[in-house]
Amino acid sequence: WLLSAKSEEALRDQARQLHAYTIGHPDVPAERIAASLAARARFDHRAVVDTTDRTTLLTNLTALADGTEAPGLTTGTVTPGRTAFLFTGQGSQRLGMGRELHEAHPVFAAAFDEVTELFDPLLDRPLRTVMWGQDADLLNRTQYTQPALFALQTALYRTLEHDGLTPHVLIGHSIGEIAAAHVAGVLSLPDAVALVAARGRLMQAARTDGTMIALQATEDEVLPLLTAGIDIAALNAPGSLVVSGDAAEAVALQERLGAEGRRTTRLTVSHAFHSAHMDGVLDDFRQAIDHLTYNPPKIPVISNVTGLPATGDELTTPAYWAEHIRRAVRFHPGIQHLETEGVTRYLELGPDATLTTLTQQTVRAGAVVTAALRKTSPEPLAFATAVARLHTGGHSPSAWRRGHTPAHPDGLPTYPFQRSHFWLAPQRSGTDVTAAGLTAADHALLGAAVTLADTDQLVLTGRISLRTHPWLADHTIAGTTL
């Protein structure tokens, strides 16, 4: 159920009215009410109630009316700006990723099956059995990790695209940029699969005597401390980066910064990615992808190499994708650029909220940052909540807009107007004779008493109105002549 209003008070009133209507009309299907609500005008204060259980529906409406939270209830206010899709990099993978959504969503299942079937001839075992098996070490091998992430991200994007939810701009993190390039039209699906399979296979074959360490530091602080054997591998968030390369030199840098009280973490990886340890596979990778067809992007893609929008010439050359393996992932500068370009909504496509956390550390408060899947939540619920979060933030799936207005159920509450009255009130004037300094009469209705100069007669003055004498509303004045 899609609810919206021009104020938070009106949104709560709408929830109360719909709650009462639902209880009073148990024969009206919830789906019919949902169709009617979807056809209404959409205002900036929004809520989505997503459930098939009537009891939960009523509970969520109550929570909305009370201003509290509930599972299946998403609220928000429209944020002007653009929308970016984020594609997660290696390290976010988990066993079983995509299986629940595959069972629940036919569009996702079809897209996922198409991608995995293209990978299977290029791998030594079916990709799905690796992703949904029990061997985490096997999934964590680069030759399988990268195809698995690409398959999941592509299927997520195609599902959103089917519902009419597309971004203004794309950004990935390492392997994620290849998924971004594919959905932007740079590579066809078969060519993208070939590139990812070659990338994963060759990066897996690179030397294994290196390490990667996450450090609490800025690029400017670390650059002077780098030695010949280590490189900056990723700029992830403000004051958060990763160095990669020879283990001894990387650990020495870790110990130096740790002694200063900086947070440091040695990553559990098999290779020193995005460092000189990748140099031995770059020529083979360029040759492996030289025959592929590249096209200019139809959706802007932020480059990991520069942190700026990639040009068509960059994305359409094998040399760029080889350099992409070797150079640092400039994710943080990329998010900074998106913010300067008016992006205010960010949706991460991947197994968890990895980039969501990094992005939240970079962007200003008020931005909508959410993830399509979360390892702590059932996949269908996480996916639906993410789409609802984008809708309440101002970017709605076109499939949620109806082509015609359905017949409204009888008595369905309309907009809960928050009425205010603005009658003009007469101004109090100083026309009573007391304003001239005359003696006030000690009387409830008389303003002053004036004795005429040439007689003993009196002139009595006063003013009577419900504004100045509200008690008159309950009294009657009879037979009085002034």
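The values are calculated or read from the model by the stated rules, or taken from the named source; none is laboratory data. Quantities reported herein were computed from a predicted structural model and do not represent experimental measurements. When we count neighbours, we look across all protein chains shown, and the Cβ atoms used for this are built from the backbone with ideal geometry, even at glycine.
Assorted remarks:
Condition check ((1) touching a Gly at 6+ places or on another chain (Cβ under 7 Å); (2) modelled with pLDDT of 95 or more; (3) farther than 27 Å from His162 by Cα) across all residues:
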site: Thr62; (1), (2), (3): no, yes, yes
site: Ala70; (1), (2), (3): no, no, yes
site: Glu100; (1), (2), (3): no, yes, no
site: Ala104; (1), (2), (3): no, yes, no
site: Asp113; (1), (2), (3): no, yes, no
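- Unique match (being among the charged types (D, E, K, R), over 30 Å from Thr340 (Cα atoms) and modelled with pLDDT of 80 or more) among Asp474, Asp454, Asp432, Asp442: Asp454
- Test: Gln143 is assigned by TED's automatic domain parsing to the domain that holds Thr311, in contact with a Ser or Thr (Cβ under 9 Å, 6 or more places away or on another chain) and over 18 Å from Ser303 (Cα atoms): no
- Counting only helices (runs of 4 or more DSSP H) wholly contained in segment 1-67, the ones carrying 2 or more residues that are closer than 12 Å to Pro413 by Cβ and touching a residue at least 40 places away in the same chain (Cβ under 8 Å) occupy 8-24, 30-38.
- In this structure, Ile171 qualifies as buried (at least 23 other Cβ atoms within 10 Å of the Cβ), at pLDDT 95 or above and in a strand (DSSP E or B).
- Helices (runs of 4 or more DSSP H) wholly inside segment 307-346 that include at least 1 residues being more than 25 Å from Thr83 (Cβ to Cβ) and either over 21 Å from the mean Cα position of the chain (by Cα) or small (Gly, Ala, Ser) (or both): 312-315, 318-326
- Where Tyr294 falls short, out of the listed (1) closer than 25 Å to Tyr346 by Cβ; (2) among the aromatic types (Phe, Trp, Tyr); (3) touching a residue at least 24 places away in the same chain (Cβ under 8 Å): (1)
- So Gly96, is it at positive phi, surrounded by fewer than 16 Cβ atoms within 10 Å (Cβ to Cβ) and assigned by TED's automatic domain parsing to the domain that holds Arg345: yes
Table: residues versus (1) free of Cβ contacts under 8 Å to residues at least 40 places away in the same chain; (2) surrounded by 16 or more Cβ atoms within 10 Å (Cβ to Cβ); (3) part of a strand (DSSP E or B).
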site	(1), (2), (3)
Thr159	no, yes, no
Leu165	no, yes, no
Leu187	no, yes, no
Asp191	no, yes, no
Ala194	no, yes, no
Ala198	no, yes, no
Leu202	no, yes, no
Met212	no, yes, yes
Pro224	yes, no, no
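- Some residue of segment 149-156 being among the polar types (S, T, N, Q), under 23 Å from Arg330 (Cα atoms) and at pLDDT 95 or above: yes
- Some residue of segment 45-55 being among the small types (Gly, Ala, Ser) and buried (at least 16 other Cβ atoms within 10 Å of the Cβ): yes
- Across segment 95-111, the number of residues qualifying as part of a loop (DSSP other than H, G, I, E, B) and closer than 15 Å to Leu139 by Cα comes to 4.
- The residues on offer are Ala353, Ala328, Ala371, and the sole one that is at pLDDT 95 or above, among the small types (Gly, Ala, Ser) and closer than 23 Å to Pro309 by Cβ is Ala328.
- Here Ala248, Ala237 are screened, and the one residue that is over 27 Å from Leu139 (Cβ atoms) and small (Gly, Ala, Ser) is Ala248.
- When residues of segment 59-93 are limited to those that are more than 15 Å from Arg389 (Cα to Cα) and small (Gly, Ala, Ser), the one surrounded by the most Cβ atoms within 10 Å (Cβ to Cβ): Gly89
- Close pairs (7 angstrom Cβ cut-off, 6 or more residues apart or separate chains): in contact (Cβ under 8 Å) with a residue 60 or more places away in the chain in segment 321-340, crowded, with 22+ Cβ neighbours inside 10 Å and among the hydroxyl-bearing types (Ser, Thr, Tyr) anywhere: Val329/Ser174; Ile335/Thr359
- Scope segment 450-477; condition over 60 Å from the mean Cα position of the chain (by Cα) and assigned to a loop (DSSP other than H, G, I, E, B); matching residues: Leu452, Ala453, Asp454, Thr455, Asp456, Gln457, Gly462, Arg463, Ile464, His475, Thr476, Ile477
Yes/no matrix, rows are residues, columns are (1) part of a helix (DSSP H, G or I); (2) over 17 Å from the mean Cα position of the chain (by Cα); (3) free of Cβ contacts under 8 Å to residues at least 60 places away in the same chain:
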site	(1), (2), (3)
Leu358	yes, no, no
Val363	no, no, yes
Val369	no, no, yes
Leu373	no, no, no
Ala384	yes, no, no
Ala388	yes, no, no
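- Number of residues in segment 151-166 that are farther than 22 Å from Trp132 by Cβ and either of a type in the set (Asp, Glu) or in contact with a Gly (Cβ under 6 Å, 6 or more places away or on another chain) (or both) equals 2.
- Answer from Ala248, Ala272, Ala228 - the residue that is part of a loop (DSSP other than H, G, I, E, B) and exposed (fewer than 15 other Cβ atoms within 10 Å of the Cβ): Ala228
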